[in-house]
Amino acid sequence: MEKTWRWFGKNDRITLSDLKQIGVEGIVTALHQVPNGEIWTVEDINDLKQYIENAGLRWSVVESLPVSESIKYGGKDRDRLIENYKISLANLGKSNVRTVCYNFMPVIDWIRTDLNKKQDSGVYALYFDRVRFAYFDIYILKRRGAEKDYDPGILEKARELDTVISEKEKDELIDAIIVKTQGFVNGNIKEGDKNPVAIFNRLLDDYKDIDKHQLRENFKYFLEQVIPVAEAYGVNLCVHPDDPPFPVLGLPRIVTCEEDIDWFLKAVDSPHNGLTFCAGSLSAGIHNDVVALARKFAHRTHFVHLRSTHVFPNGDFVEASHLEGRGHLLELIKIFKAMPHLPMRVDHGPLMLTDIEKPYNPGYSFLGRMKALGEVSGMMAAV
Ligand code: DNO
């Protein structure tokens, strides 16, 4: 596998020369300044590509070329947005950037309730707490009918939480779930937006008639149009699994398990229609055997995210060290070692040491990811 690193562009406080020093070979990035749905021009792509190459690295993967909400819920302007997507894909192919990661999660990308959960060792990890999530859904969003999605034990604990939670803690929960984790990856809600809950509720409204079946149909419609362009320009598209891999907030999620992956790979059966094998996202679903999934889908995997989780008996999960947990990264490395050009990045890392006070995107601090890259590089060498 090729050792890559997610870098957020020229404004990232981590520089390309820092990355060279720690053994990174390829860069994972995006045109973060281009608003969702607009065309990525050849000029803009080449400018960033040249900048990366001047540092002695290569632009290995686009993460992400975002899919607009209207494509996902099947809005009136979806055909225009798909056309733009096709042009951006073609432009990437012309510029020789040929691996493109995206996701098909409605409204909200990855979800955590706690961005700084202190671990026994003193580092901070990302955490998903089922009760706090239910609280957000029922008491903050006030989503109609939300209660029926949670079991009585969780509902009871959410009620108890409501009697003790402060306004500040509520704001922190909103910030974790729909602002800080979303702003830099998807653009639906950004830091500084006033009343993120109202914006979020409006976005949810667009999906009120979209069930799992309809979302699959919309995904297929998208793939049928973009995969021929990917084929023509030699681009590999690879969808990121849903994180966490189960339905949330009344929204369907459709890349969560073996059956889902089988379904979309067959929906348009082309080698250019592939998977981002995110061990972290998949391992957070107790229904997933990550190693078996890797064995089955390696041949359609175009990009790998190495990360691991611990899932607790109550369903909460925490991001584990890259050496432990349900991700079984050592076993995955054994499977993917047969693919020397497959880009891999360590995904997320603990917040630790002198990084603790620095304003990194959640999960994307420097030292924790560097430690993870060291661990993964060691496993790769040993394998
Ligand atoms: C979170 C990331 C995701 C991922 C997108 C891909 O850390 O893994 O936001 O980049 O879902 O489109």
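The values are calculated or read from the model by the stated rules, or taken from the named source; none is laboratory data. Keep in mind that this is a model prediction, so the values were computed, not measured. Virtual Cβ from ideal backbone geometry, glycine too; neighbours counted across all protein chains shown. For the accessible areas, the whole protein counts, side chains as well, though only heavy atoms, and no ligand, DNA or RNA atoms are used. Shrake-Rupley method; radii C 1.70, N 1.55, O 1.52, S 1.80 Å.
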Problem set entry | Some residue of region 37-48 being buried (at least 16 other Cβ atoms within 10 Å of the Cβ) and within 13 Å of the ligand (Cβ to nearest atom) | no
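Residue under question is VAL185, and the condition is that it be free of Cβ contacts under 8 Å to residues at least 24 places away in the same chain and under 18 Å from the mean Cα position of the chain (by Cα); does it hold?
Working: free of Cβ contacts under 8 Å to residues at least 24 places away in the same chain: no; under 18 Å from the mean Cα position of the chain (by Cα): yes.
No.
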Problem set entry | Conditions (1) without any contact (Cβ under 8 Å) to a residue 40 or more places away in the chain; (2) open to solvent by less than 10 Å² (accessible area, probe 1.4 Å); (3) not aromatic (Phe, Trp, Tyr); number of the one not met by LYS148 | (2)
Exercise. Are any of the residues in region 301-315 assigned to a loop (DSSP other than H, G, I, E, B) and open to solvent by less than 10 Å² (accessible area, probe 1.4 Å)?
Worked result: yes
Exercise. Can we say ARG132 is under 22 Å from ASN314 (Cβ atoms), open to solvent by 10 Å² or more (accessible area, probe 1.4 Å) and either in a helix (DSSP H, G or I) or free of Cβ contacts under 8 Å to residues at least 40 places away in the same chain (or both)?
Worked result: yes
Exercise. Taking helices (runs of 4 or more DSSP H) that do not extend beyond region 26-103, which have at least 3 residues that are touching a residue at least 60 places away in the same chain (Cβ under 8 Å) and within 21 Å of VAL239 (Cα to Cα)?
Worked result: 69-73, 78-94
For this session: Read through the list (1) farther than 28 Å from MET379 by Cβ; (2) within 15 Å of the ligand (Cβ to nearest atom); (3) outside any loop (DSSP other than H, G, I, E, B), then give the number of the only condition that GLU259 fails.
Result: (2)
Exercise. Can you tell which of MET380, MET352, MET344 is away from the ligand (no atom under 16 Å from the Cβ) and under 23 Å from LYS296 (Cβ atoms)?
Worked result: MET380
Exercise. Name the residues in region 159-206 that are part of a loop (DSSP other than H, G, I, E, B) and either touching a strand residue (DSSP E or B) at 6+ places or on another chain (Cβ under 6 Å) or within 16 Å of the ligand (Cβ to nearest atom) (or both), would you?
Worked result: PHE184, VAL185, ASN186, GLY187, ASN188, ILE189, LYS190, GLU191
For this session: Would you check which residues across region 267-300 are crowded, with 22+ Cβ neighbours inside 10 Å and aromatic (Phe, Trp, Tyr) and list them?
Result: PHE277
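Here's the yes/no breakdown for (1) hydroxyl-bearing (Ser, Thr, Tyr); (2) closer than 28 Å to PRO247 by Cβ; (3) out of contact with any Pro (no Cβ under 8 Å at 6 or more places or on another chain):
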position	(1), (2), (3)
GLY285	no, yes, no
ASN288	no, yes, no
ALA298	no, yes, yes
THR301	yes, yes, yes
LEU306	no, yes, yes
ALA338	no, no, yes
LEU342	no, no, yes
THR354	yes, no, yes
Problem set entry | Top-ranked residue in region 176-197 [being open to solvent by 50 Å² or more (accessible area, probe 1.4 Å) and modelled with pLDDT of 90 or more; ranked as nearest to PRO35 (Cα to Cα)] | LYS180
Problem set entry | Selected residue (only one of PRO252, PRO244, PRO271 is of a type outside the set (A, V, I, L, M), in contact with a Lys or Arg (Cβ under 9 Å, 6 or more places away or on another chain) and within 14 Å of the ligand (Cβ to nearest atom)) | PRO244
Exercise. Could you list, in sequence order, the residues of region 363-383 that are in contact (Cβ under 8 Å) with a residue 60 or more places away in the chain and open to solvent by less than 20 Å² (accessible area, probe 1.4 Å)?
Worked result: GLY363, TYR364, GLY368, ARG369, ALA372, LEU373, VAL376
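Which one of these is within 16 Å of the ligand (Cβ to nearest atom) and touching a helix residue (DSSP H, G or I) at 6+ places or on another chain (Cβ under 8 Å): SER60, SER95, SER68?
From the options SER60, SER95, SER68, the qualifying one is SER68.
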For this session: Would you mind telling me which numbered condition in (1) assigned to a helix (DSSP H, G or I); (2) closer than 25 Å to ASN91 by Cα SER270 fails?
Result: (1)
Seminar exercise, completed: When region 211-266 is checked residue by residue, the ones that are in contact with a helix residue (DSSP H, G or I) (Cβ under 6 Å, 6 or more places away or on another chain), of a type in the set (D, E, K, R) and surrounded by 18 or more Cβ atoms within 10 Å (Cβ to Cβ) are ASP243
For this session: Check ASN11 against each of (1) touching a Cys at 6+ places or on another chain (Cβ under 8 Å); (2) without any contact (Cβ under 8 Å) to a residue 12 or more places away in the chain and name the one condition it does not meet.
Result: (1)
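Can you confirm whether ARG159 is surrounded by 12 or more Cβ atoms within 10 Å (Cβ to Cβ) and not polar (S, T, N, Q)? Explain how you work it out, then say what you get.
Values: surrounded by 12 or more Cβ atoms within 10 Å (Cβ to Cβ): yes; not polar (S, T, N, Q): yes.
So ARG159 passes the test.
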